[in-house]
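First comes the structure, then the notes that go with it.
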Amino acid sequence: MSAATTRSRTPDRLCAEAVDLARAAAEEAAAPGIVGEHVGLVSEGDRVVTHFFQCLELGYRGWRWAVTVARASRAKIVTVDEAALLPGPDAVLAPEWVPWSERLRPGDMGPGDLLPTDAEDLRLEPGYTGEDEPAPNVPVSHEMADLVEAEDADLTTESPTGFTVAPLRGSIPAVAEELGMRRARVLSRYGLHTAADRWEEAFGPKTPMAQSAPAACVSCGFLVPIGGSLGQAFGACANEFSPADGRLVSLAYGCGGHSEAAVMPRPPQPAAPVIDETRVDPFPLRPSPDSGSVTPTADQDTEELGHS
């Protein structure tokens, strides 16, 4: 460790003793009664020290007034460098800013909202390829790039799908357009897996509704098959009384509205009560003579009157 580093970590004596000067600077920058006790200092370098004062303002719990003082070499006068309100180790801070693309959740979009898709979105992949055509995710096509050098042409970053350019006859895009499959990008394998996991979590075999269903959706007449690879595991529900009406459900999902549930399941019977409160137990006012709890004795007065 060099001598300069050792000196920078050791607070300068004159700067460390300038607590009153630092407090006056903090009170001048803050409102009256906001600066609290002196809570410490730290050496910022050679003859540079920062003093910390407690902040008493409401809403700034854990914050500190930081006043940096310094002095010139071989000088005995300490001057104020700057004063600021800084958060302490246990200060209450605002949450870290999160980009809108990470804050967005399913169902947040409303009418008129526009959600642009990233060019590097893992859920999508090029829908067609060809050596005579540019990549689907490039900002401009080759034809538009050739016009950049022209004086009256402006380069735009708009997607090439926005331009109505007739494809060349016999090219891959031309054939794809005839088949109705000309899309710049389609779902990738990752996009298919994430969609399948999301749908199975909402309407899958592990849900409480499917666990208590009489049968699975694969044998239900209200199931509408879908095409593509997802049709091997999912279908659309067309039962208006089902909680999944109009939703994509797993073939292993099920509910009580199954088309073949002709026999209603028996309702669960409650357990027998420990205490039967439906019967009335007789409770005599006087114990029976032969019960053993009362010793039978002859009463002469009752015998004369004819009482038993």
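Coordinate-derived values only; no laboratory data. Computed from a prediction, not measured in an experiment: that's the story for all the values here. Using ideal geometry, Cβ is built from the backbone for each residue, glycine included, and neighbour counts are taken over all protein chains shown.
Sub-8 Å Cβ pairs linking a first residue in segment 208-235 that is within 21 Å of His193 (Cα to Cα) to a second residue that is in a strand (DSSP E or B) and acidic (Asp, Glu), at least 6 apart or interchain, number zero.
Of the set (1) touching a strand residue (DSSP E or B) at 6+ places or on another chain (Cβ under 7 Å); (2) loosely packed, with under 15 Cβ neighbours inside 10 Å; (3) touching a residue at least 12 places away in the same chain (Cβ under 8 Å), all apply to Val49 but (2).
Residue count for segment 202-237 satisfying the condition of being under 9 Å from Leu251 (Cα atoms) and either assigned to a loop (DSSP other than H, G, I, E, B) or basic (Lys, Arg) (or both): 4.
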